[in-house]
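Working notes, beginning with the structure itself.
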Amino acid sequence: MEREAVLVGIDVGTSKVCALIGEVARDGSLTIVGKGVVPANGLRKAVVVNIDQTVRSIAGAVDVSERLSGYQIDRAFVGVGGQNVESQNSRGAVAVSGHRHEVTREDVDRALEVARAVSIPSNREVLHVLPRGFIVDGQEGVKDPLGMSAIRLEIETHIVTAGATAVRNLAKCVQAANVKIDELVANSLASAECVASDTERDLGVAVADIGAGTIDLAMFIDGSPFRTVVLPVGGNNVTNDLAIGLKTGLEVAEELKIQHGTCDLAGVMVDDRIPTAGLGDTANRTISRADMAHIIEARMREMFEMLAAEIRSAGEGLLPAGVILTGGGAQIAGAAALGREVLDMPVRVAGPAGVGGLTDNILNPAYSTAIGLLYWGARALESGEATRFESAPASGLMGRMKDALGHLLP
């Protein structure tokens, strides 16, 4: 990049709304200069169920980040979640134009248009059409065909869609908070930007972002995503089970999960008990940590079994690099070990890294999506986005990203 840019990422989740302002330096490094995190109201399983409450939550997070940074937020990259996010792969082929038969950007764009022209129901919106690879006159595995001599150009793409109603309601809420949308980005793809290495993506890896209401899952092979899906379970399911099993309130159950939760049954003593005094429980009593661990382990095991079924449905042996767990729900002690047992593959927990600035309390897995949105924006800006289509609800902004470097006015 020729000069610095300022980008904004807004993660509208089930339990929290996070707005981050980041400065991208000429060398590509990212510095957080503003952050706003507020409890989310008006969302259920990452889908808007109350417009007014959601607008207030987004506006609140934006206001906090603006006051902290001194910038005025004009537009942002916004994360999209919810069970309605799905994907499919498509191919497009065109004859290479021009008398010299050299692949040009126009040829690539035409191939993308053909690949995009698949049958998509009217109740769905296209979020991404991502190139996975090119085939030049039958030669597979081409990553960049520009300038190559060819007669026929084929492109493999990964198309991510979401429910039109859910997307439009989210876009309406963001715009009602006086923020334009640069691009709507699937949460799992955003999270992968800051937790998955290039080597892992090339080998084959899955990124599972365990949020409060859903698990956003993206699977990569040969450096590109080939399956994107959302599972309708998350950390709130663990909290609800604890509240029922321990006969306590949801707030106390959440505190117990965060402070004392584990799914490592072997590491818990049978007679280990936790006092609830000071946790908000009206009755001063003690709770068996072993009972708590059994409840958490059972629900987390069920989640990993759902992940295993999804991974198997994509194909056996495609993910030698295993699974990367991120998101707030991945922070429960023993999650990686339980994941390795159930999934029978490498599993690690990862959060954002390599970010400077105002990083207090956000360099943990719960903020992978928000920080990943900034990385996504930085990569989009650097590459010029010549081969990616705009998100359906966005107002033609991505094509003018380079003209929008100064979109935040101090």
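Considering region 36-151, its Cα convex hull presents a mean projected area of 11.0 nm².
Labels on offer are (i) 1.12; (ii) 1.10; (iii) 1.00, and the one holding Rg/Rh (Cα atoms, Kirkwood Rh) computed from this structure is (iii).
So what's the back-of-envelope 222 nm ellipticity for the chain, counting only DSSP H runs of four-plus at -39500 (n - 2.57) apiece and dividing by all residues, rounded to 500? It would help to have the intermediate numbers written out before the result.
Working: 10 runs with 132 residues, N = 410.
Helix contribution divided over all residues of the chain: -10000 deg cm²/dmol.
When the convex hull of its Cα atoms is viewed from all sides, region 295-337 shows a mean projected area of 3.3 nm².
Calculated on C-alpha atoms, the gyration radius of region 225-345 divided by its Kirkwood radius gives an Rg/Rh of 1.03.
For region 278-363, a crude dipole built from +1 on the beta carbon of Lys and Arg and -1 on the beta carbon of Asp and Glu, taken about the Cα centre, is about 140 debye to the nearest 20.
Take HIS101: with every protein chain present and a 1.4 Å probe, its accessible area is about 80 Å². Among SER65, SER119, the sequence by solvent-accessible area, most first, with a 1.4 Å probe is SER119, SER65.
Of VAL174, VAL49, VAL229, the residue with the largest accessible area leads and the full order is VAL49, VAL229, VAL174 (1.4 Å probe).
Report the antiparallel proportion of the DSSP beta bridges in the chain as a percent, rounded to a multiple of 5.
On the way: 60 of 79 bridges.
Counting only bridges with both partners in the chain, antiparallel ones make up about 75 percent.
Ordering ILE21, ALA192, CYS173 by the projection of their Cα atoms onto the charge dipole of the chain, which places +1 on the Cβ of Lys and Arg and -1 on the Cβ of Asp and Glu, puts CYS173 at the extreme positive end. Hey, any idea what the orientation-averaged projected area of the convex hull of region 127-264's Cα atoms comes to, in nm²? Mean orientational projected area (region 127-264, Cα hull): 12.8 nm². 3J(HN,Hα) along region 196-201, derived from phi through the Karplus expression 6.51 cos²θ - 1.76 cosθ + 1.60 where θ = phi - 60°, amounts to 9, 7, 4, 5, 5, 5 Hz, with x in place of Gly and Pro.
Farthest toward the positive end of the dipole of the chain, out of ALA353, VAL80, PHE220, is the Cα of VAL80, where the dipole comes from beta carbon charges about the Cα centre. Ordering GLN331, GLN139, SER65 by the projection of their Cα atoms onto the charge dipole of the chain, which places +1 on the Cβ of Lys and Arg and -1 on the Cβ of Asp and Glu, puts SER65 at the extreme positive end. The angle separating the long axis of helix 105-116 from the principal Cα axis of greatest extent in the chain is about 50 degrees. The accessible surface of the chain, taken with every protein chain in place and a 1.4 Å probe, is 48 percent carbon and sulfur.
Averaging the sequence gap over all C-alpha pairs within less than 8 Å and six or more residues apart, then dividing by the number of residues, gives the chain a relative contact order of 20 percent.
Close amide H contacts of ILE135 (hydrogens built in the peptide plane, cut-off under 5 Å, sequence separation of 5 or more or a different chain): GLU154, ILE155, GLU156.
Taking Cα atoms only, the orientation of helix 289-314 departs from the longest principal axis of the chain by about 20 degrees.
Let's test the formula: R0 of 22 Å, r as the Cβ-Cβ distance of ASN240 and ALA176. What FRET efficiency results, to the nearest 0.05?
For ASN240 and ALA176, the calculated efficiency is 0.10.
Per residue, the accessible area of the chain comes to 42 Å² when a 1.4 Å probe rolls over the protein heavy atoms. Over what distance in Å are the Cα centres of region 99-155 and region 157-185 separated? What the calculation gives is 25 Å, centre to centre. Translational D (Stokes-Einstein, µm²/s) of region 26-92 at 10 °C and 1.306 mPa s when Rh comes from the Kirkwood sum over C-alpha pairs? Approximately 109 µm²/s, per Stokes-Einstein.
The dipole here belongs to the chain: it is taken about the Cα centre, uses +1 on the Cβ of Lys and Arg and -1 on the Cβ of Asp and Glu, and is about 740 debye. Helix 51-69 and the longest principal axis of the C-alpha atoms of the chain enclose an angle of approximately 80°.
Please label the shape of region 213-281 as rounded, prolate or oblate, based on the square roots a ≥ b ≥ c of the eigenvalues of the alpha-carbon gyration tensor (a/c under 1.5 means rounded; beyond that, a/b larger than b/c means prolate, else oblate).
Since a/c reaches 1.5 and a/b is larger than b/c, the shape of region 213-281 is classed as prolate.
With 10 Å bins from zero, work out the P(r) of region 229-269 over every alpha carbon pair and list the percent per bin. Taking every Cα pair in region 229-269, the percentages come to 28, 47, 23, 2. Given R₀ = 35 Å, FRET efficiency for ASN50-GLU251 by Cβ-Cβ distance, to 0.05? Once the sixth-power term is evaluated, E becomes 0.95. With the chain treated as a Gaussian network of Cα nodes joined by springs under 10 Å, which of GLY329, GLY211, GLY280 yields the largest mean-square fluctuation? In this elastic network of the chain, the residue with the biggest mean-square fluctuation among GLY329, GLY211, GLY280 is GLY280.
The values are calculated or read from the model by the stated rules, or taken from the named source; none is laboratory data. This is a predicted model, so every value here is computed, not measured. A quick note on method: Cβ atoms are made from the backbone with ideal geometry, for glycine too, and the neighbour counts reach across all protein chains shown. All accessible areas refer to the heavy atoms of the entire protein, side chains included, with ligands and DNA or RNA removed. Shrake-Rupley method; radii C 1.70, N 1.55, O 1.52, S 1.80 Å.
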